[in-house]
Number of protein chains: 2
Amino acid sequence: MTDWKYVFANLLLAGSILSSANADAQTAPSLGPMVIQEQGSFAVGGTVATAPGTFNPRRPLDPAGQTFHGDHLYAFYQRPANARRLPIVMWHGAGQSSKTWETTADGREGFQNIFLRRNFTTYLVDQPRRGDAGRSTVEGTIRPTPDEQFWFGQFRVGVWPNYFEGVQFDRGPDTLNQYFRAMTPNTGPFDMDVVSNGVAALFGRIGPGILFTHSQAGGPGWLAAIRSPNVRAVVAFEPGSNFIFPQGEVPAPIPTSFDTIEGMPVPMSDFMALTRIPIVVFYGDNIPAQPTDIPTQDAWRGRLEMARLWRDVVNRHGGDVTLVHLPEAGIRGNTHFPFSDLNNIEIADLVTRFLAEKKLD
Amino acid sequence: MTDWKYVFANLLLAGSILSSANADAQTAPSLGPMVIQEQGSFAVGGTVATAPGTFNPRRPLDPAGQTFHGDHLYAFYQRPANARRLPIVMWHGAGQSSKTWETTADGREGFQNIFLRRNFTTYLVDQPRRGDAGRSTVEGTIRPTPDEQFWFGQFRVGVWPNYFEGVQFDRGPDTLNQYFRAMTPNTGPFDMDVVSNGVAALFGRIGPGILFTHSQAGGPGWLAAIRSPNVRAVVAFEPGSNFIFPQGEVPAPIPTSFDTIEGMPVPMSDFMALTRIPIVVFYGDNIPAQPTDIPTQDAWRGRLEMARLWRDVVNRHGGDVTLVHLPEAGIRGNTHFPFSDLNNIEIADLVTRFLAEKKLD
C-alpha cells in the first residue's frame, strides 16, 4: 500500500505540470490533422550469415556462397512539425508488433497518434524475429495453437468468458476480433540478447530518446538501456519477468500458480546504468494481492511483487524508479495494455506529466 | 516490339495530362510536410478456429475450448488532407511486407509518401501469414536459408556479384543491407485464396479503390479484383506467375531455365470481371528476349511473355489492359521494384498519368 503514495507524490508534487503549457494538449480530444515533417522506415542491427562455397548464378537456389541478413529490428518513424527534442521509441510485448501502439481494438487512437499530437517524434518497432523484421537466423516453427482465452486472462481483460467489472475495455464483439488479430508470432526463438541488441542499435542510430516498453519488452528494455547511453528514460507498461538485479542482490524467486518469477543477475557496473535515468513503471488493475489458483491472475501478483523489489533495489543504489500501480492511484479498470485501454488519454497524461517532471519534453 | 507502341500511345496520347493541375506535384521534389487527416491500422478478413472442449481458466495453456483468429490481413492507412476520391491499396510481393512501399533501401521516399503527397489515401498491407498479420491457421516452419544472391538476381539488380550496367539501384553497401533486411518470411504456407480473400475483404471494408500489386501479389491481385467489385483499377508491378485466363483459353506453358510459367484457368464469368476495369502492368529492364541459362534472368523472359499473352486475351474479351515494358518506352535500368528504384518519381508519374487518363484521380 505504499506504492501509490510514493509514486503519486512523485508525479503530482511537481505541481506546476498541470498548469503547464501542455495542459490543453493533454486533455483535448485532438482529432484534427497531424502535420508530419518526415516519415519512413528502416532496418537496424542484426547479423549476416554466409554459407560456405561459391555462389553459382546457374544454380541460384543452392545456398553455397549466399548470405542471410537476419535478427535486425524494423522501425517506422514519424517526425511531426515542431518536434520535441527527444523522440519516443515504442516497443511492443509478447505476441505483438508495432500495431500495439496504433489504432486500438475498438478503433480509437493509440499512443502512436496521441504522442505525435503531443509533438513527439515516434519510432514504432517490430523487434527482431517479429512482424516485418521476420528474418531470423535461427529456425522457428509456428503452430496455430488455440490460446486466445488464455490471452484474454493473461492480458487481464477478465477471466474467460467474464470481463472484469469496470474493465477499461470495450465489450463489442468486433473489438475482441481486432484484439486477437493484433497478435503476431515470433518467427524464431525469443532471445533477450538479440532483441535488446536490436533496440540498442536503434538508439545508436537515432541518438538520445525515450524508451516505452510493454510487457515482455520490459526485461530486454533494461538491457537496452544498459547497452545504449542514448536511452534517456524508460516508461515501462506492465513489465513481465526478467527484472535485472546486481549480482548478489537477486531476491528469492516468487512462485505463482502460473510460473516462478526470477530476477536476472548482471554485473554491478551494468546494473548501475539503470540508476542514471528516470524510469516509470505502470501496472493496471485486477492484480490480486493474495495468491490465487487462477494462473493468469496470479502471474501478475508475482510480477508486481518483483517489480516493487526491483524498484527498491534500483532506488537504493541511487536510481529514480517510480512504480505506479494505477488502481492505488485511483485509476481503475486498466488491463495489461493501459496505452490502448478506454482511458488511454488519461494514461498518456500521466506519462506526459512524468516526462515534463523529468525535463524530457 | 509492339508493346511499347501500344502502351506509350495509350499513356501519352491522353495528352492533356502533362499540362494538368497535377504537373507540379508530379515533378517537384516534394519533401515538405504532409498533412495527415487520419491514420491508423486494423485487421480484416480471416477465419476463427476453435478447439473442442471447454476452456478451464485453471488450466489456461490447455487449448480445450480456446479460439484462434488467423489468416487476416493487416493494413496501415493514412488519409491526407484534401484526399482524392479513391484510395490506393498497396500490396507487397514475395518475401516482402508493407515495408516495400515505405522508405527505399537507399533512404528515399517510397510510393507510400509519394502518393500521399499526391493526395491519395494509402493503405499498406501485410497480407495474411506475413509480417504483422502473422497468425496463420496452418503451421509453418521458417528456415534461415542463405538466399540473397538469388534474390539479387531474381529482383534483377544484376547477376551476383555484378550489378547490371545502368541499373536504377544505388551501389552503396548499406543499400544492399537495407534491401536484404526488408525481406520477411511467410509464417504459414502461401495460399492464393487466403491472400486474395484478405484483400477482397479489405476492399469490402474500405469501398471503391485502386489496387497496386507487386510480383507475387499479381496473381492473387487478379483474384481479388474478381472477388471485389470495389477494385476499380489495378496497377501491377512485375506480376510473376498465376496469370488468370478463361477456361479453355489458357496458353501453352512457357518453360524457362528457372521454372515453367502456367496460366491459371477460371470460369469465364469470373474472368470477365477483369475486362471491366482499367489495368496497367509495368515490367522493368534487363529481361532477356531470348532464352538464357541464368535462371533468374530467364524467369522474367517467361513471365513477360505470359503477361503479353494475358494482356491480349483480356483485351480480346473487351478489357483495357496496358502493358508497359519500361525499356521499350525509353525508361532504362529498372529492377523488379520500379516503385523504389532510383527513378521511382518518374515511375510514379507514369502511374499518375494512367490514373488521370482513366479518370481515377
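For B:G153, the stated conditions hold: it is closer than 17 Å to B:F337 by Cα and either more than 17 Å from the chain's Cα centre (by Cα) or in a loop (DSSP other than H, G, I, E, B) (or both).
Residues in segment A:174-190 that are facing chain B (nearest Cβ under 7 Å), more than 17 Å from the chain's Cα centre (by Cα) and closer than 16 Å to A:Q149 by Cα: A:N177, A:Q178, A:F180, A:R181. Residues of segment B:178-191 include none that is part of a helix (DSSP H, G or I), among the charged types (D, E, K, R), within 30 Å of B:P229 (Cβ to Cβ) and in contact (Cβ under 8 Å) with a residue 40 or more places away in the chain.
When each of B:L355, B:L309 is tested for being of a type outside the set (V, I, T) and either modelled with pLDDT under 95 or under 20 Å from B:F115 (Cα atoms) (or both), the lone residue that passes is B:L355. Scanning segment B:250-275 for residues that are touching a residue at least 24 places away in the same chain (Cβ under 8 Å), surrounded by 15 or more Cβ atoms within 10 Å (Cβ to Cβ) and over 20 Å from the mean Cα position of the chain (by Cα) yields a count of 9. When residues of segment A:163-176 are filtered for being in contact with a Gly (Cβ under 9 Å, 6 or more places away or on another chain) and not charged (D, E, K, R), how many remain? Residues in segment A:163-176 being in contact with a Gly (Cβ under 9 Å, 6 or more places away or on another chain) and not charged (D, E, K, R): 6 in total.
Among the residues of segment B:54-111, write down those that are among the charged types (D, E, K, R), crowded, with 19+ Cβ neighbours inside 10 Å and closer than 19 Å to A:A75 by Cβ. Scanning segment B:54-111 gives B:K99, B:E102, B:E109.
Only one of the listed residues (B:D341, B:D320, B:D298) is among the acidic types (D, E), more than 23 Å from B:D259 (Cβ to Cβ), surrounded by 20 or more Cβ atoms within 10 Å (Cβ to Cβ) and modelled with pLDDT of 95 or more. That residue is B:D341.
Just one of the numbered conditions (1) crowded, with 19+ Cβ neighbours inside 10 Å; (2) in contact (Cβ under 8 Å) with a residue 24 or more places away in the chain; (3) not small (G, A, S) is not true of A:P208: (1). I'm told B:R353 meets every condition in (1) buried (at least 16 other Cβ atoms within 10 Å of the Cβ); (2) touching a helix residue (DSSP H, G or I) at 6+ places or on another chain (Cβ under 6 Å); (3) of a type outside the set (A, V, I, L, M, F, W, C); (4) within 23 Å of A:R59 (Cα to Cα) except one. Can you identify the failing condition by its number? Only one criterion in (1) buried (at least 16 other Cβ atoms within 10 Å of the Cβ); (2) touching a helix residue (DSSP H, G or I) at 6+ places or on another chain (Cβ under 6 Å); (3) of a type outside the set (A, V, I, L, M, F, W, C); (4) within 23 Å of A:R59 (Cα to Cα) is unmet by B:R353, namely (4). Across segment B:84-98, the number of residues qualifying as touching a residue at least 40 places away in the same chain (Cβ under 8 Å) and either closer than 14 Å to B:A217 by Cβ or touching a His at 6+ places or on another chain (Cβ under 6 Å) (or both) comes to 10. Residues in segment B:172-215 that are more than 26 Å from B:W300 (Cα to Cα), among the hydrophobic types (A, V, I, L, M, F, W, C) and touching a helix residue (DSSP H, G or I) at 6+ places or on another chain (Cβ under 8 Å): B:A200, B:F203. Applying the condition of being part of a loop (DSSP other than H, G, I, E, B) and of a type in the set (D, E) to segment A:279-305 and asking which residue is farthest from A:Q168 (Cα to Cα) yields A:D293. Every condition in (1) surrounded by fewer than 24 Cβ atoms within 10 Å (Cβ to Cβ); (2) assigned to a loop (DSSP other than H, G, I, E, B); (3) within 9 Å of another protein chain (Cβ to nearest Cβ); (4) not hydrophobic (A, V, I, L, M, F, W, C) is met by B:T141 except one, and the failing one is (2). Does segment B:220-241 contain any residue that is within 26 Å of A:R135 (Cβ to Cβ), crowded, with 21+ Cβ neighbours inside 10 Å and at pLDDT below 95? For segment B:220-241, residues within 26 Å of A:R135 (Cβ to Cβ), crowded, with 21+ Cβ neighbours inside 10 Å and at pLDDT below 95: present. Return yes when A:P128 is surrounded by fewer than 22 Cβ atoms within 10 Å (Cβ to Cβ) and either aromatic (F, W, Y) or within 11 Å of chain B (Cβ to nearest Cβ) (or both) and no when it is not. Here the answer is no, as A:P128 does not meet what is asked.
For segment B:157-168, the criterion of being facing chain A (nearest Cβ under 9 Å), modelled with pLDDT of 95 or more, more than 24 Å from the chain's Cα centre (by Cα) and part of a loop (DSSP other than H, G, I, E, B) is satisfied by at least one residue.
Report yes if A:E109 is among the charged types (D, E, K, R) and either touching an Asp or Glu at 6+ places or on another chain (Cβ under 6 Å) or at the interface with chain B (Cβ under 8 Å from one of its Cβ atoms) (or both), otherwise no. Yes. Considering only residues of segment A:254-269 that are touching a Gly at 6+ places or on another chain (Cβ under 9 Å) and over 18 Å from A:T292 (Cβ atoms), which is nearest to the other protein chains (Cβ to nearest Cβ)? The residue in question is A:M264.
Condition check ((1) farther than 28 Å from A:V194 by Cβ; (2) more than 9 Å from chain B (Cβ to nearest Cβ)) across all residues:
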| site | (1), (2) |
| --- | --- |
| A:V44 | no, no |
| A:R59 | yes, no |
| A:G70 | no, no |
| A:R84 | yes, yes |
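With respect to B:E305, is the statement that it is surrounded by fewer than 20 Cβ atoms within 10 Å (Cβ to Cβ) and either among the hydroxyl-bearing types (S, T, Y) or over 24 Å from B:F150 (Cβ atoms) (or both) true? So B:E305 fails the test.
Close contacts from segment A:106-133, counting a first residue that is on the phi > 0 side of the Ramachandran plot and a second that is in a strand (DSSP E or B) and surrounded by fewer than 24 Cβ atoms within 10 Å (Cβ to Cβ), with Cβ to Cβ under 7 Å and a gap of 6+ residues or different chains, come to A:N119/A:P80; A:R129/A:N186.
Go through (1) more than 7 Å from chain B (Cβ to nearest Cβ); (2) within 17 Å of the chain's Cα centre (by Cα); (3) assigned to a loop (DSSP other than H, G, I, E, B) one by one and return the number of the condition A:Y123 breaks. In the conditions (1) more than 7 Å from chain B (Cβ to nearest Cβ); (2) within 17 Å of the chain's Cα centre (by Cα); (3) assigned to a loop (DSSP other than H, G, I, E, B), A:Y123 misses (3) alone.
The values are calculated or read from the model by the stated rules, or taken from the named source; none is laboratory data. The model shown is predicted, which means the values in this text are computed figures rather than measured ones. When we count neighbours, we look across all protein chains shown, and the Cβ atoms used for this are built from the backbone with ideal geometry, even at glycine.
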